[in-house]
1. Residue by residue through segment 50-75, note down the ones that are part of a loop (DSSP other than H, G, I, E, B), more than 17 Å from the chain's Cα centre (by Cα) and within 12 Å of the ligand (Cβ to nearest atom).
2. How many residues, within segment 140-165, are under 13 Å from the mean Cα position of the chain (by Cα) and among the polar types (S, T, N, Q)?
3. Sort through 128, 123, 147, 138 and tell me the only one that's closer than 25 Å to residue 82 by Cβ and either in a strand (DSSP E or B) or of a type in the set (Ser, Thr, Tyr) (or both).
4. Does segment 92-104 hold any residues that are open to solvent by 20 Å² or more (accessible area, probe 1.4 Å) and either within 21 Å of residue 190 (Cβ to Cβ) or in a loop (DSSP other than H, G, I, E, B) (or both), and which are they?
5. Any idea which of 150, 78 is within 13 Å of the ligand (Cβ to nearest atom), surrounded by fewer than 17 Cβ atoms within 10 Å (Cβ to Cβ) and in contact (Cβ under 8 Å) with a residue 40 or more places away in the chain?
6. Could you check residue 110 against (1) in contact with a Lys or Arg (Cβ under 9 Å, 6 or more places away or on another chain); (2) polar (S, T, N, Q); (3) surrounded by 18 or more Cβ atoms within 10 Å (Cβ to Cβ); (4) more than 16 Å from residue 5 (Cβ to Cβ) and say which number it fails?
7. State which residue is surrounded by the most Cβ atoms within 10 Å (Cβ to Cβ) when the search covers only segment 166-190 and only residues that are among the small types (Gly, Ala, Ser) and either more than 15 Å from the ligand (Cβ to nearest atom) or within 16 Å of the chain's Cα centre (by Cα) (or both).
8. Hey, can you tell me all the residues within segment 103-128 that are within 14 Å of the ligand (Cβ to nearest atom) and touching a Gly at 6+ places or on another chain (Cβ under 9 Å)?
Amino acid sequence: MLVTVLGASGRTGIHVVRLLRRHGHTVRAGLRGRSRGAAVVELGAEPVVADLASDPSALVDAFTGADAVINTAGAGDPDPSMVNMVDRDGAIAAINAAERAGVPRFVQLSAQFADSPDQGDRLVRSILLAKQISDSALRRSSLVWTLVRPGTLTDQPPTGRVKIGGHLEPGRVTRADVAAVLTGTLTEPFTENRGFDVVSGDTPISAALTAFA
Ligand SMILES: NC(=O)c1ccc[n+]([C@@H]2O[C@H](COP(=O)([O-])OP(=O)(O)OC[C@H]3O[C@@H](n4cnc5c(N)ncnc54)[C@H](OP(=O)(O)O)[C@@H]3O)[C@@H](O)[C@H]2O)c1
């Protein structure tokens, strides 16, 4: 499978690139610029420029020929104008570009409470509101989509186990485990056109994905 990963230099994105390569996939690692390319090249991925806040035709180029896009990008700054640029308008630009490029599959890293921002943490409400809009755009698109909505992300080592459900109590989950969920959706047809929460749990990831179905 050829997969383009957006936000490949990010703390979750780099885990996604590593796992995809480990499973033998060809990876285009989408970066805002060339400067962060060394880490993804070391993992055997091809760095490509894919800035969600820039020229959408460059996104189409980064997606052409891909079997799937996994979008792990997010504004590093909670300022609403940055968040709206990356998590709302940028994600929508990526969805539109994937449609134009003829990519069949799109996996979006969203966030717990993105579908009910008023119930989420007030400190991240601008992010939840932005993701609510782009997640809706993905659901309405012509793409085969999956929305993965993790709780608070941590940098603990992977556990290989999670809890997955339509709507779960607030929780935490490691970025490495979320990366395994994101990549696992590509080979789990029951996750197509569905969204779900992910927090830490006791169920092996592949079983959690299957059980959710
Ligand atoms: N933090 C949490 O607890 C939490 C919880 C639930 C969901 N999430 C979501 O999970 C995702 C990943 O989070 P994370 O903490 O792993 O992210 P992160 O380490 O902050 O990485 C974010 C990535 O997005 C990239 N990016 C930023 N602006 C971009 C743009 N305009 N175009 C393309 N790429 C851009 C960054 O590129 P550079 O390397 O160039 O900066 C970086 O690669 C985010 O969408 C976040 O909202 C986070």
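The values are calculated or read from the model by the stated rules, or taken from the named source; none is laboratory data. All values derive from a computational prediction rather than experimental measurement. When we count neighbours, we look across all protein chains shown, and the Cβ atoms used for this are built from the backbone with ideal geometry, even at glycine. Each accessible area value is taken on the protein alone, full model and side chains, heavy atoms only, with ligands, DNA and RNA left out. Shrake-Rupley method; radii C 1.70, N 1.55, O 1.52, S 1.80 Å.
1. Across segment 50-75, the qualifying residues are 54, 55.
2. Total meeting the criteria: 1.
3. 147
4. 102, 104
5. 78
6. (4)
7. For segment 166-190, the residue satisfying everything is 179.
8. Those that are within 14 Å of the ligand (Cβ to nearest atom) and touching a Gly at 6+ places or on another chain (Cβ under 9 Å): 108, 109, 110, 111, 112, 113, 114, 115, 127, 128.
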